Structure formats: structure tokens, C-alpha cells
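The values are calculated or read from the model by the stated rules, or taken from the named source; none is laboratory data. Since this is a predicted model, take the numbers as computed values, not measurements. Methodologically, a virtual Cβ is constructed for each residue, glycine included, from the backbone with ideal geometry; neighbour enumeration extends over all protein chains shown.
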Amino acid sequence: MTRFAEFESRRAQVLRGGSPAAVERQHRRGRLTARERIDLLLDPGSFTETDAFVRHRCTAYGMDASRPDGDGVVTGHGTVDDRPVAVFAQDATVFGGSMGEAFGEKVLKIMDHALKVGCPVIGLNDSGGARIQEGVVALAHYAELVHRNVMVSGVIPQLSMILGPCAGGAAYSPALTDFTVMVKDISHMFVTGPDVIHSVTGEETTAEELGGALTSSAVNGTAHYLAHDEADAFDFVRGLLSYLPANNREAPPRYRQHSDPGITATDRELDEIVPANLGHAYDMREILRRIVDDGELLEIQELFAPNIICSFGRVEGSSVGIVANQPLHSAGALDINASEKAARFVRFCDAFGIPILSFVDVPGYLSGVRLEHEGIVRRGAKLLYAYAEATVPAITVVVRKAYGGGYAVMGSKHLGADLNLAWPTAQIAVMGAQGAVAVLHRKELRDAEDPELLRKQLTAEYENDYATPYLAAERGYLDAVILPHETRGRIVRGLRSLHGKHRPAPQRQHGNIPL
Ligand code: HXC
């Protein structure tokens, strides 16, 4: 064989991946191969592969009989919408996508490349975790990978796609990255699979129940998007990347130069959304869609803690991160899941220079025996920490209720927001009228001839005098009380004025967020 022919033959084997039977099995299970996935993710023809001829050096368990080029992971770089990204795709058709020494070296190398050039890294995970035959060397490489995940965290965006059964390190490494996408029916993420659980604890479960896409998206919140198929997952990731800067030194991409801050017909619709009756819910998205460019929102963890919305959007073509209470669920109250979801999102935005818009309609932190026992104080504190730590431009709009701790945490002036606005419908107070009247006027109500009439009078008085935006505005805790239809224009102008905000970093090792 000539040198060129040998090369062509080796390259053809690399492109084929695992055995035809393994590829057929992967397809039969409704899953794509590593290369098919890369083609769906990247701009056509943009992929440049690295380390295609890397092979493992393991001899245990007769492994030296099979040393395929590439070793079960495809690595390289390419572009998404003409912007550079680094990618690794675990190939489940070779040793089950499990990670050994050579595999690990490839992944670490492409991550180092991403860090060097300052571009996002996207991991396509479909792996049985540490390669059993390679023992501690496989574990060492997983540990190095999670170390790398942490070292690049906040420097380059890290996105993980779970596209098969991901166990052990194949689940932990993605959990350390910024966003995790899963696909209905084919994705699973757990420390150990159902068989191991059965042998250790005797519990009977299925992969789907244990760590399927729905469980991970709606129950434990490990996943940030539940895709209905692989194509949908790749669309989401491409869309997500369009909001993100390449690294923490660059600004997020800008898609439009100018927005008219004048009042439009859509702006006027904002005046009609919040019901006059405090007990009535409404969909906060109706407000958000009228604020962002083209009404486009890209929600994160939509199925988890739906009482808070975390979403990317654009204002005047530039990315913003939106945190908004959702009155449709639990009246928008903050519980543990909502606090943790929003805290992580705020920290991501802050790390990557994405301004934060907060829309507030919150009756406060939820309490109760279960929540107290599960740590609403410790875990709810994360959101306070995240907001207080954030130094990106921050604009807050109080739409309706801002009671108690809910007022303080949701982007208040006191935690460092730059521009605080409220609608005339805002009620900023320690608590709602019913509760306040019951505490303040217990004795009078007890002794009254007609307690119900008195309660009504006192409630109306409290709502008029105390549950308003004007006491906060009086002290400068709000910069302005505005009509709903003025909000978008105010935000456009506010973000323009905050563009050059100086963000000095405090001198310390790091803060100590309650975990
Ligand atoms: C070597 C592995 C492997 C592994 C799978 N394979 N996992 N080979 N090391 N970890 C191989 C199988 O032997 C099989 O080879 C092929 O991949 C496909 O696997 P199947 O079991 O047939 O596939 P499936 O039924 O889809 O099940 C997938 C699975 C299961 C749920 C992932 O394989 C499994 O439970 N694997 C072990 C998971 C695990 O416990 N990993 C170690 C975790 S510890 P053949 O030749 O038959 O096709 C860890 C360290 C963490 O990761 C460190 C963190 C810092």
C-alpha cells in the first residue's frame, strides 16, 4: 500500500466510527452517530477535526486487540453562524463512548484550545462514563476533565448535550457546565443506571424515571432544555449561542444597531396586561414579549420552577438575561427551586457581561415546614447572593407585588441594581394588605362590632397609603414610577446609558455563596 493509500484507508476507518453493527444499533435506538451530530450542529463544511489518529495504549482485558483510530471521541473546531466553537462528540459506537486515557487527552486538548482562543466549547455526550478496562487512568482523566470544566467556568461558555445514557463522570462533567440539553426518549443522566441501583438498594426503576429527559428537566432541574428530537436540540443550542459572547472578555453579539425608544402600539398593550384584582394571575411572558426585540424569548429551564422565568432576549439587538416572577404558578412566590434556578442564571449573565432585567411580581419567599426543613433559608439565600454579587448593568421593573424578602431580592436598588422602575400598580411593602392588617390591628379587629367591615376599611387604607410605589420612590429606592407603555423605551435608554458601566472586581480569593 502506498503511503497515500494507507492514509486514505485509515481516514475512511476514522470516518466510519464503530462497527457497522454498532452504528446500526445506534440508529435503531433513534440516535445519531457522533459525526452526524457534528454535521447538524455546525455550519456546513466548517468542521476541522483534530486528533483523528489518537489511539489508546491499554492492554488490560485484551484491549490491545482493538485500537481504533480516534478512540471513540470526535474532537475539533468549526463555526455556528460563522462564530468559532470547539466541539467534542462522544461516539457510543466505540467502547460505548466510554472515556479512557487517550479519549480524555483529546477532550482536554480541545478544551484547552477553546480556552486559548476564547470560544465556547460544546460537548456531545453519549457515554458509559469512565472506561472500566482503563481503571484509575480513566478516573484520573475524568477528574482532570471536571477540573478543566471548573477552570474555564465563567471564561468561556460551556454547553452540554446529553444524547444517550450518560452515567458517572459522563453526567457530572456536564452538570458543571453552563447549560445542559436533553432529548426526549434518548437521553438519560444519572450517577448509576437502574441495574446498579437494583443491585445496591433493591429499588426497581427505569432509566426514564431515574434520569430521563423529563425527570432531569422538570423534577431535578439538571437539564436546561427538553428537546423533542436531536434536530430540535441542535436548533436550541445554535439559538442559545446567538445570545452568548465568545468569552468573558468579549461583548455578546449585537444584531441590530438601533431601536426606537418612542411609544409603539405594542407598548400600549402593556397597559392592559396586569389585572386590577391582586388575586388574579396573568402570564408574565405577555409583558416580556412586548419588551424584547421581535417578541423573542429563549427560556432556560422552562419546565423547572415555573414560578420564575429565566430567559434570554434582546433589546436593541443586544443580549439581556431576564429574571421574572411568574404569577401563573404559586402566585410567583420564591421557593427553593426558583431561587436556585434564578441564582445560577444571574451568575451566568454576570460572568459573561449580559445585562440583567428583572420583572417583579412576588408575594415573597414561600415558607412552611417542608420548605424550612429542605433549607429555604440556606438555599433561598443563593438568589440574594447572586444578585448582590452581580456587577453587570441591571434594570428592575416592579410590575405589581414586591413584598418582604421578595422586594429585597428581586433586583432591588439595595443589592446593586442600576435603574429601578415601578408601574403605578406596584405594591412595595413588607407584606400584603391582608397579612399586615391582621398583624397590626389584631386587637381592634377582635373588639370591633363589625370586624369584617373594619377589616375592609383597614385593608383599603393600607393599600392606598402603604402598598404603593411612592414610598420607595420618595427615598430614591426607585428611580422612576412610569406607565407600563413607557417601559421598553426606558429600558432601551437605560441600557444605552449603562453601556460603559465600570465593574471593578473586589480583591479576594472568591466569595462564599451558600451551597
Ligand atoms: C467500558 C463500556 C462502559 C464503560 C459501556 N460500555 N459502558 N465499556 N467502560 N464504562 C460498553 C459496553 O460494554 C458495550 O460494549 C457498549 O459499551 C454498549 O453498552 P451497553 O451496556 O450495551 O449499552 P446500553 O444498554 O445502552 O447501556 C448504557 C449504560 C451501561 C447505561 C451506560 O453501559 C452502563 O451502565 N455502563 C456503566 C456505567 C458506569 O457505571 N460507568 C462508570 C461510572 S464511574 P459491547 O462491546 O458489548 O458493545 C465514572 C467516574 C466518575 O464515570 C468520575 C467523576 C469525577
>> Please return the ranges of helices (runs of 4 or more DSSP H) entirely within region 427-515 where 1 or more residues are closer than 20 Å to ALA394 by Cα, in the same structural domain as LEU288 (by TED's automatic domain parsing) and aliphatic (A, V, I, L, M).
In response: 470-474, 487-498
>> Every residue in region 53-104 that is within 15 Å of the ligand (Cβ to nearest atom) and either assigned to a strand (DSSP E or B) or outside the structural domain of ARG25 (by TED's automatic domain parsing) (or both), please.
In response: VAL73, GLN90, MET99
> Among VAL146, VAL152, VAL136, which is near the ligand (Cβ under 8 Å from one of its atoms) and at pLDDT 95 or above?
Replying inline: VAL146
>> Just checking: which of the helices (runs of 4 or more DSSP H) contained wholly in region 307-416 hold 1 or more residues that are in contact with a Leu (Cβ under 6 Å, 6 or more places away or on another chain)?
In response: 336-351, 376-389, 404-409
>> Quick test for you: out of ALA246, ALA223, pick the one residue that is touching a Gly at 6+ places or on another chain (Cβ under 9 Å), away from the ligand (no atom under 16 Å from the Cβ), more than 30 Å from TRP423 (Cα to Cα) and small (Gly, Ala, Ser).
In response: ALA246
> Can you tell which of PHE190, PHE179 is aromatic (Phe, Trp, Tyr), within 16 Å of the chain's Cα centre (by Cα) and not assigned by TED's automatic domain parsing to the domain that holds ARG344?
Replying inline: PHE179
> Among the numbered criteria (1) within 18 Å of ASP126 (Cβ to Cβ); (2) within 15 Å of the ligand (Cβ to nearest atom); (3) in a helix (DSSP H, G or I), which single criterion is violated by LEU40?
Replying inline: (2)
>> Under 9 Å between Cβ atoms, which residue pairs at least 6 apart in sequence (or on different chains) link something in region 5-24 that is under 17 Å from THR50 (Cα atoms) with a partner that is away from the ligand (no atom under 13 Å from the Cβ) and in a helix (DSSP H, G or I)?
In response: LEU15/ARG35; GLY17/ALA34; GLY17/ARG35
> Does ALA351 meet the test of being of a type in the set (A, V, I, L, M, F, W, C), surrounded by fewer than 19 Cβ atoms within 10 Å (Cβ to Cβ), modelled with pLDDT of 95 or more and under 20 Å from GLY511 (Cβ atoms)?
Replying inline: yes
> Does region 232-242 contain at least one residue that is more than 27 Å from VAL117 (Cα to Cα), assigned by TED's automatic domain parsing to the domain that holds THR93, away from the ligand (no atom under 16 Å from the Cβ) and part of a helix (DSSP H, G or I)?
Replying inline: yes
> Would you call GLY45 more than 16 Å from the ligand (Cβ to nearest atom), touching a Leu at 6+ places or on another chain (Cβ under 7 Å) and in the same structural domain as HIS228 (by TED's automatic domain parsing)?
Replying inline: no
